[in-house]
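Enquirer: Sharing a structure, written as structure tokens. Questions coming.
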Amino acid sequence: MKKIVFLTGAGMSVESGFKTFRGSDGLWEDYPVEQVATHEALENDPALVINFYNRLRKKLFASQPNEGHKLISALEKDYDVTVITQNVDDLHERGGSSHVIHLHGELKKMCSSADAYNPDYIETLTEDNWEVIPGTKAKDGSMLRPFIVFFGEAVPMIEEAAREVSQADLFVIVGTSLNVYPAAGLVRYVPIGAPIYLIDPNEVTQGKKCDVTVIRKGATEGLQELFASIKP
Ligand code: OAD
């Protein structure tokens, strides 16, 4: 079975009603990164940070995977599919994908601020229990924090992601501006000779050094076009 590896970003969830981060109407315009997505922000104003992710989480529970998510999972019939996502939503999983690697964490999870990756302290929130009251403690007594990789923090899943990319027969990038490393550097692990596609309705100016076929369309339309051309 041939292996297709996807790298997805915020553009993948636009058709599910989510905003991207950068650009004129991006999320970081309303909520500057340094106020809601850094370790310093969490220490300086935990309530602001916790409530920012509370709002996103509430929205996530009200959202649905889009056609693009479903197209990717449908490929599992004919291919070995891995999805590496920078998104903290769970729309790939709910769209049916069975192998998803989250590089930047997961919105539905909370963890210990002292020991973030200790599974004993990771809590998964549900639709009826999506809101975290600022100041709530994790089971180890430290502050409960969003299970999100903040800027400046290590990205523990990057090694597993790089291993997957290095085995790809086809690499497909969807809806990411490729501004954020180390995620954007994954393209360097694609084996020589494996085709690389990039689907995005706007011009992506970063990461142009390798040989990429650009499909300048939204996620669903772009994926339909690509899959029609690679039918097994
Ligand atoms: P960006 O906001 O930087 O880029 C989103 C990309 O999606 C842009 O290139 C858009 O042109 C494209 N796009 C817009 N609509 C689309 C559609 N309908 N279909 C497909 N693509 C579309 O978001 P990311 O690259 O995902 O990190 O950002 C990377 C990381 O930066 C995020 O994971 C987040 C952010 O800070 C954390 O929160 C840790």
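Rule-based calculations on the coordinates, nothing more; no lab input. Bear in mind that the values here come from a model prediction, so they are computed numbers and not experimental data. Using ideal geometry, Cβ is built from the backbone for each residue, glycine included, and neighbour counts are taken over all protein chains shown.
Enquirer: Projecting each Cα onto the charge dipole of segment 42-108 (Lys/Arg +1, Asp/Glu -1 at the beta carbon, about the Cα centre), which of SER73, GLY105, ALA47 comes out farthest on the positive side?
Expert: The residue sitting most towards the positive pole is ALA47.
Enquirer: Modelling each spin label as a point 7 Å along the Cα-to-Cβ direction, I'd like the LYS2/GLN206 distance in nm, to one decimal.
Expert: 2.9 nm
Enquirer: While we're looking at this one, here's another question. What is the calculated FRET efficiency for LYS58 to ASP25, with r their C-beta to C-beta distance and R₀ = 22 Å, to the nearest 0.05?
Expert: 0.65
Enquirer: Continuing with the same structure: Quick check for me: using +1 on Lys/Arg Cβ and -1 on Asp/Glu Cβ, what's the dipole size of the chain about its Cα centre, in debye to the nearest 20?
Expert: Charge dipole of the chain: 460 debye, to the nearest 20.
Enquirer: Sticking with this one: Cα gyration tensor of segment 109-173, axes a ≥ b ≥ c as square roots of the eigenvalues: rounded (a/c below 1.5), prolate (a/b > b/c) or oblate?
Expert: Since a/c reaches 1.5 and a/b is larger than b/c, the shape of segment 109-173 is classed as prolate.
Enquirer: For a quick check of your reading of the filter: which chymotrypsin sites (Phe, Trp or Tyr not before Pro) in segment 84-179 sit in a DSSP loop and have no more than 13 other Cβ atoms within 10 Å?
Expert: For chymotrypsin sites (Phe, Trp or Tyr not before Pro) across segment 84-179 that sit outside H, G, I, E and B with at most 13 neighbouring Cβ atoms in 10 Å, the list reads TYR117.
Enquirer: Calculated from DSSP H runs of 4 or more alone, at -39500 (n - 2.57) each and per residue, what is the 222 nm mean residue ellipticity of the chain, nearest 500?
Expert: -7000 deg cm²/dmol
Enquirer: Right, next: Say each of GLU34 and ILE133 gets a label point 7 Å from the Cα, pointing the same way as Cα to Cβ; how far apart are those two points in nm?
Expert: The modelled label-to-label distance comes out at 3.3 nm.
Enquirer: Something else about it: Given that compact globular proteins tend to follow 2.2 N^0.38 Å, what is the ratio of the alpha-carbon Rg of the chain to that value?
Expert: Compared with the compact-globule rule of thumb, the chain sits at 1.01.
Enquirer: On to the next question. For the chain, which longest stretch is free of loop sites, where a loop site is one of the GluC sites (Glu not before Pro) that DSSP puts outside H, G, I, E and B and that has at most 11 other Cβ atoms within 10 Å?
Expert: It works out to 1-126.
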